[in-house]
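Read the structure below first, then the notes.
Derivation of every value follows stated rules applied to the coordinates shown; laboratory data play no part. Treat the numbers as computed from the prediction; the structure is a model and nothing was measured. Note: ideal-geometry Cβ built from the backbone for every residue, glycine included; neighbour counts use all protein chains shown.
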């Protein structure tokens, strides 16, 4: 309940402070799809999570600072950035004495699978939004809930607005949002990968559709794709989950990671915000299921070939890291 209250308060603060950020975003040229992807991508690096960046993008949209297409780009960028965080955690795990290939492979796979599905989904999502195909599907904040939120959080937000300039309100909102996700992390049970029960579960899930469901379930519980994918690092390094089982897990996780974003869209006074998130969920789900049902083996073979090329040579790995850092910078500033 505390985490939920902080989450709602953070959205209210972000929405309030977002009005003054338009000049900054225009100075950074965040007014197109390409720049939006880079902005969301780098933002996820800075806060070590994609979910806060996704919530921030919706708050900017609800305040009229950015367009629906720019919001979609930020959502995609935030997920690309979140997948790289798993690589960073894997590197730290390698420094503790674990196998380099096994520890880092999960992060590389997370990025490869996310990019190969989200980018074509982005193209389809762009056409859906541009042509208004999903415009009839809109859900705003229920009037009773909106009144309750205003009564509960309005005085506090107003007081913070009186104390701080708009950028200060926005920064406080980011801090409260990170705190909300931290609270969610604290109350989640710790899973011991060495436990016999978990080992038995891992041995039972070798079919792609099953692992797809497991990834979707774990991410819907943790509300963070970074958390659910990071769990794979110790499991893969200890041999509980084989590399070929990780790909469908990531696909499932990349869909249900939008649960908190969908919830955030319902709390904002912009019904089309829900439509934007729904478009992203629908397109990512479509491409993921098409691959699983019709082309999983060829897809897995290609992904594994790219993975082998990256992790088996330090120079290739360095190029990959430079690529994942340099590309969002180029998207934002060029």
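Label positions at residue 217 and residue 135, each projected 7 Å from the Cα along the C-beta direction, are separated by 4.1 nm. Highest average first, the peptides 301-312, 68-79, 117-128, 253-264 ordered by how many other beta carbon atoms sit within 10 Å of their residues are 68-79, 253-264, 117-128, 301-312.
Here each label is just a point 7 Å from Cα along the line to Cβ, and for residue 1 and residue 152 those points are 1.0 nm apart. Ordering 157, 106 by the number of other Cβ atoms within 10 Å of each residue's own Cβ, fewest first, gives 157, 106.
In plain terms, the residue of 116, 51 with the fewest other Cβ atoms within 10 Å comes first and the most crowded comes last, giving 116, 51.
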